[in-house]
Structure formats: structure tokens, C-alpha cells
Protein chains: 2
Amino acid sequence: MARKTGSHSEITGPRIRAEAARLFSRHGFAAVSMRAIARAVGVQAGALYLYTPDKESLLFDLLKTHMDELLAAWEAEPRAEDPAARLECFVRFHIRFNLERAEAVFLSYMELRNLSPENFARIESLRKRYEDALEAILRQGQAAGVFAVPDTKLATMAIIAMLTGVNTWFREGGRLSRDRVEAIYWDMVRKSVAP
Amino acid sequence: MARKTGSHSEITGPRIRAEAARLFSRHGFAAVSMRAIARAVGVQAGALYLYTPDKESLLFDLLKTHMDELLAAWEAEPRAEDPAARLECFVRFHIRFNLERAEAVFLSYMELRNLSPENFARIESLRKRYEDALEAILRQGQAAGVFAVPDTKLATMAIIAMLTGVNTWFREGGRLSRDRVEAIYWDMVRKSVAP
DNA sequence: GTCTATAGAAAGATAGAC
DNA sequence: GTCTATCTTTCTATAGAC
């Protein structure tokens, strides 16, 4: 136990990211000062710079981690062969994952403009990979004749926007359970791509 | 022509709102300074306070005007009796109007958190009125047996999110014309609420 | 109606003590 | 690893000249 008083790098780093995510998603990146983050964590402002070179890198770290986890979680899902079953899996996965990470999802849509062009491009390419996963399902179903969409690219964007919208109104303990919401959205998506 | 040099109230007011909308939508409310708005307009920062009591009121004015114009434009649309025809009208109206006012739409989704609680509530109640217009169409079609949605409230939120999403990717002069996009989205919406 | 000038507060980031 | 102190810049908003 030779550790010096006030040395907590293994917990302060994650705490900084957690508080930054909470504050950024609530007030917006530009409206949150480094001092405000430090206060929430319980350290002085200067201490933050031991964990991030600057404010923008802190934001980028949050968005990059979120996108990596999103892609990894989707790739870990069981992979159904049937296009309709895969599409249902995607719909339920997207709603579930996004509701569990509401803060990060909000950030990843709202705060992109605060990234440098290079960092912006990196996040966008990860998002594109995720969109491509859905488009591949739609193409497969289209080829098999079980889906009939006029344009798979537009259907991809339409479905993702529709599903992500759940985050704007869903509240735990509200009128509908998360599972019921998933079922209702799946019903609408299923019909929207039906022949 | 007794007007003093530098007196332009009838054009400076609208210019301030236009430049503020452009800058807020591009960089975010908190990231745009009053100096930056003044510079874009071509006046000094102090002159802005002849047109707005403070920065937040300027934002509120933009959002309020947008919501008022949205509601007025929808109410001015020809009102079809048939629920399916009215729904198609809503889909096309929403896409068209939102694409024409991309900056204001972006602001009205992204910058709500920068309003005071009172002003936030005023904007949200206008948004609710717009959502209610769509829900009324869905209820009417449901009662007539031409639509079959598991939950009209969720279908309302799903459809609006899907349609508003067009603004995130549509570019004039791209692969698809605006009319073609409207038709494709209408096809998907039509099927999603079909029995 | 717009300008210059400025008050007063707060921002991002760094230096050096401990 | 964290703190205190501070540099430098920038911010919102106001006062008073023209």
C-alpha cells in the first residue's frame, strides 16, 4: 500500500468519461466547461488533462467507444439465415441497445459537429459500417423475394431513423414495456418492406 | 430621406435572425458567440441588443417562428376526406416542408435544451399539436378499417421520426429527386400501416 | 441605429508545488 | 495524481458618444 494519497487513476479515468457523457448529453458539448466536468468528478480542472489532451479528444473518445461497442455487439448477435428473422433481430437489437446507451446515442447524433474533420470522418465511417449491415439484410431479402423495397439505401435510412426515434420518447415504467415497443416497431418495419 | 447614416432596422432584424439560424444550425447554439453573429451581419455586437433582449430569446424566436409556420402551412394544405389520401398528403408535406427549412428543423430538434423551461414547454406544446394532426389521421383510418396499427401513438412517433430522417442525408441534385424520395417514403409508410 | 469601449465573469490550457 | 495559481482569450451584456 505504498500508493500516494489522492492517486486514483484506475477509477478517475472512467469517472471522467462517465460524467462528461452525462453532462455533454444533457447540456451540449460547447455548453459544458472542463471545470464543470472536474467538479462532477470531484477533482480540480487541471487534473483532467492527465487523462485527455484536450476537450475535443474527450468527446471523440466517447463517440469512438460507443460506435465500437455498437458494432461489436451487433456482430456478437446470433445470425439467423432467414432474412425476415435477421431483420427482426436487427430491429430488436437496435431498439434495445440504443435504449441501454441513451446518453451515448444522443451524443453520437448531436455532437458530431464538434469533432475535427478527421475525427468526424472516423466516426462516420463506423456509422456507415453499421448502416451497411442493415442494408445487406434488405438486399438479401430483396434477392430472395421476401422483401420488396423500392430502394434498399433509402429503406435503410428510413428504418434506422424510425428505430432511433424511440429514444426521444421512451421512458422506463411508462405505458408500454420495452418488449412491447420492440414488437410494435417490428410489426411496422415488417409490413413496410413486405411485397 | 432624413434617415441617419447606418439606420437599417427593417433589414438588420431579419438579417440577424437569418445569420443566427445559419450559425446556430452549423455550430450549435452554445458554440456561437454574439460577436460571431454580429460579424456575419456586418454590425457590432452591441447593436444586436437593439433586436433581442438576450441570446436565448433570439433562439426562442427562431424556434417559435418555425413551429408557427409549420402548423400554419399544414393547416393551409387541402384536406382530403379519405384517410389514405390524407396520410399521403401528410407524408409529402412533411418531407417537402422540412427539406425547405432544413436549418430551422435542425435547430428545433437540437437546441431545445438551451431554452428556459418555460420557453421549452411552449415549443413542445406546438410540436405536440403537429403530432396530434398525424395521430388524428391514423385514428380516423383505423376506425374506418383502412389502417391497422397496433398503437396510433407509437405509429405517429415512428412515422415522424422516419420522415424527419430524410433531412440527415438528402442532398439536392443527388441520386434521387425530392419527388421520388417522397414517393418511396409514402410507399413504405402506406405499407407499414396497412391491414 | 450603430458605434467604440469596457465591465465583469468565465473559458481552455499550462506550470510548478506537494 | 492532484492541487493551487495563473496566463491568455473570449464571452454576454451595458454605457455613452455620435
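Determine the calculated [θ] at 222 nm for chain A from helices alone, applying -39500 (n - 2.57) to every DSSP H run no shorter than 4 residues and normalising by the residue count; nearest 500 deg cm²/dmol.
-23000 deg cm²/dmol
Can you list the HN-Hα couplings for region A:139-146, worked out from phi with the Karplus curve (6.51, -1.76, 1.60; θ = phi - 60°), rounded to whole Hz and with x for Gly and Pro?
For region A:139-146, the Karplus curve yields 4, 4, x, 4, 5, 7, x, 8 Hz.
After finding the eigenvalues of the alpha carbon gyration tensor for the protein assembly as shown, what semi-axes result from the square roots of 5 times each, listed largest first in whole Å?
Value: 37, 32, 18 Å, ordered largest first.
Once the dipole of chain B is set up with Lys and Arg at +1 and Asp and Glu at -1 on Cβ about the Cα centre, which of B:Met67, B:Ile159, B:Ser177 lies farthest towards its positive end?
Going by the charge dipole, the pick is B:Ser177.
Please list, or write none, the lysines whose alpha carbon is within less than 22 Å of the alpha carbon of A:Lys64, excluding same-chain residues fewer than 8 places away.
Candidates past the 8-residue exclusion: A:Lys55, A:Lys128.
Kindly give Rg over Rh for region B:37-118, based on alpha-carbon atoms, with the Kirkwood expression for the hydrodynamic radius.
Taking Rg over the Kirkwood Rh, I get 1.12.
How large is ³J(HN,Hα) for each residue in region B:153-158, as worked out from phi by the Karplus curve 6.51 cos²θ - 1.76 cosθ + 1.60 (θ = phi - 60°), to whole Hz, x for Gly and Pro?
Values, residue by residue: 5, 5, 4, 4, 5, 5 Hz.
Could you state, as a whole-number percent, how many of the C-alpha pairs of region A:92-144 are farther apart than 17 Å?
Taking all Cα-Cα pairs of region A:92-144, the fraction more than 17 Å apart is 52 percent.
What shape does chain A have by the C-alpha gyration tensor, where a ≥ b ≥ c are the square roots of the eigenvalues, rounded means a/c under 1.5, and otherwise prolate means a/b greater than b/c and oblate the rest?
Here chain A falls in the prolate category.
With the Cα gyration tensor of region A:7-52 giving a ≥ b ≥ c as the square roots of its eigenvalues, does the rule (a/c under 1.5 for rounded; else a/b larger than b/c for prolate; else oblate) give rounded, prolate or oblate?
prolate
When Lys and Arg each count +1 and Asp and Glu each count -1, what net charge do the other residues less than 13 Å away from B:Phe29, Cβ to Cβ, add up to?
Neighbour charge sum, excluding B:Phe29 itself: -1.
How big is the charge dipole of region B:82-164 about its Cα centre, in debye rounded to the nearest 20, if each Lys and Arg gets +1 on its Cβ and each Asp and Glu gets -1 on its Cβ?
With Lys and Arg at +1 and Asp and Glu at -1, about 60 debye.
Please give every one of the aspartates and glutamates within straight-line cross-link reach of B:Lys191, meaning a C-alpha to C-alpha distance under 15 Å, and leave out same-chain neighbours fewer than 8 residues apart.
A:Asp151, A:Asp187, B:Glu88, B:Glu182
Sort out the exposed loop GluC sites (Glu not before Pro) in chain A (DSSP loop, at most 12 other Cβ within 10 Å) and tell me the longest stretch that has none.
Result, exposed sites excluded: A:82-171.
May I ask for the longest run of chain B untouched by trypsin sites (Lys or Arg not before Pro) that are loop-located per DSSP and have at most 15 neighbouring C-beta atoms (other than their own) within 10 Å?
It runs B:80-170.
Each residue of region B:124-135 in turn: what ³J(HN,Hα) in whole Hz from Karplus with 6.51, -1.76, 1.60 and θ = phi - 60°, glycine and Pro shown as x?
For region B:124-135, the Karplus-derived couplings read 5, 6, 5, 4, 4, 4, 5, 4, 4, 4, 5, 4 Hz, x marking Gly and Pro.
Shielding by partners for B:143-150, please: the mean number of other protein chain Cβ atoms within 10 Å of each residue's Cβ.
What the average comes to for B:143-150 is 2.
Where a number appears in this text, it was derived from the coordinates with a stated rule and is not lab data. Since we're looking at a predicted model, the values are computed, not measured. Ideal geometry is used to build each Cβ from the backbone, glycine not excepted, and the neighbour counts take in all protein chains shown.
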